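I have placed the structure first, in the form of structure tokens, so that the comments after it can refer back to it.
Rule-based calculations on the coordinates, nothing more; no lab input. What you see is a predicted model; the values in this text were computed from it and never measured. When we count neighbours, we look across all protein chains shown, and the Cβ atoms used for this are built from the backbone with ideal geometry, even at glycine.
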């Protein structure tokens with residue numbers, strides 16, 4: 001096998017707008033089919049995107065022997081179910097974040113997939129962008145000294161009651177949709193796990209989802225803080241503070257694929273802006289995952305990372321309710 005044949009499990013705006021064009025021309029990623037519960041919708045999307053096959057059900061895509069791997073951008077409450085169904089069909093699985101509704105569900109789904117000898121990974125695409133690779137290298141080099149703080153901000157404005165991000169039963173809300181990025185990125189940069197967390201959240205009176213959410217993560221030698229919102233002006237940024245310098249990622253998560261990313265680094269020597277890219281972070285993620293399949297190597301991000309991230313989110317929800325520090329269980 002020289003390339004991996006992919007199926008897309010649902011018609012997704014994010015896939016349509018941000019991902020498909022990045023995958024065109026890849027030597028190792030071939031998008032062969034797309035599925036919807038509405039056959040006409042799947043056919044129209046396949047025609048518009050130039051995808052060879054369409055299916056009127058997710059089950060039909062999974063039954064196709066020509067599909068090697070699936071990308072799952074379904075609503076959060078369906079992730080674990082379809083990870084297991086894809087694994088039962090012998091398909092490798094790249095699943096959107098958050099991987100499941102809680103850590104227990106994530107661990108069960110991953111165990112199910114591993115028992116069927118398929119590759120499985122949570123789709124945190126930002127980690128594959130050169131700006132994040134470089135940021136972690138700078139931190140590991142010791143240029144910033146001992147890292148003391150990682151702060152994340154991520155927001156957008158969406159009050160559409162039909163949007164899954166505003167439906168509590170679908171796993172909507174700020175913690176799940178974008179707080180997961182803040183938690184993941186702090187763990188990624190610091191290279192360790194927090195031991196306890198504290199959370200504060202405001203909930204929409206109609207949706208009951210958290211719409212202004214903050215967290216404090218205790219890593220012992222370092223602290224991580226974040227504020228995310230689903231009802232604020234669109235904004236995102238990461239700031240890292242060490243004993244000898246600081247580092248800022250200006251567009252950390254939804255970086256454009258046709259412009260260089262910028263990292264600002266300040267130390268006692270001076271200040272510099274590092275420009276990296278342009279780069280298609282989704283393409284880099286799909287190609288890295290495909291390479292692990294083709295070469296029979298471990299996934300580029302361990303599946304256990306998805307469970308670890310969900311454990312922190314679980315603790316944040318417990319802290320929101322209790323109003324006190326909650327340990328990572």
field: Separation between Cα centres of segment 136-158 and segment 1-75, rounded to whole Å
entry: 34 Å
message: For a quick size check, give me the Cα extents of segment 4-124 along its three principal axes, largest first, whole Å.
response: 38, 25, 24
statement: Subtracting the Cα-Cα distance of residue 264 and residue 160 from 0.36 nm times their residue separation yields 33.9 nm
message: As I understand it, the value is the acute angle between the Cα axis of helix 79-88 and the longest principal axis of the Cα atoms of the chain; what does it come to in degrees, rounded to 10?
response: 50 degrees
statement: So the angle from the long Cα axis of helix 39-49 to the longest Cα principal axis of the chain, reported in degrees to the nearest 10, equals 70 degrees
query: When all C-alpha to C-alpha distances in the chain are sorted into bins of 20 Å, what percent of pairs does each bin hold, rounded to whole numbers?
result: 31, 59, 10, 0
message: When a/c reaches 1.5 or more, the comparison of a/b and b/c decides; with that in mind, is segment 240-324 rounded, prolate or oblate per its Cα gyration tensor?
response: oblate
message: Checking the a/c ratio against 1.5 first, then a/b against b/c, what shape does the Cα gyration tensor give for segment 186-261?
response: oblate
field: Among 185, 292, 248: highest mean-square fluctuation, GNM of the chain, C-alpha pairs under 10 Å
entry: 292
field: 219, 235 arranged by Cβ crowding within 10 Å, fewest neighbours leading
entry: 235, 219
statement: Taking 0.36 nm per residue of separation between residue 21 and residue 143 and subtracting their Cα-Cα distance, the length gained on full extension comes to 40.2 nm
message: Once you place label points 7 Å from the Cα toward the Cβ at residue 195 and residue 13, how far apart are they in nm?
response: 4.3 nm
- request: State the Cα centre-to-centre distance between segment 232-310 and segment 166-221 in whole Å.
  value: 19 Å
message: What FRET efficiency comes out for residue 59 versus residue 39 if R0 is 22 angstrom and r is the Cβ-Cβ distance? Round to the nearest 0.05.
response: 0.95
query: Helix 180-190: angle to the longest alpha-carbon principal axis of the chain, degrees 0 to 90, nearest 10?
result: 60 degrees
- request: Please say if segment 57-112 is rounded, prolate or oblate, where rounded means a/c under 1.5 for a ≥ b ≥ c the square roots of the C-alpha gyration tensor eigenvalues, and otherwise the choice is prolate for a/b larger than b/c and oblate otherwise?
  value: prolate
message: What distance in nm separates the two pseudo spin-label positions at residue 206 and residue 297, each 7 Å out from Cα along the beta-carbon direction?
response: 5.0 nm
task: Report the calculated FRET efficiency for residue 239 and residue 321 (r = Cβ-Cβ distance, R0 = 30 Å), to the nearest 0.05.
output: 0.55
query: Hey, what number do you get for the chain at 222 nm if only DSSP H runs of n ≥ 4 count, each worth -39500 (n - 2.57), divided across all residues, to the nearest 500?
result: -9000 deg cm²/dmol
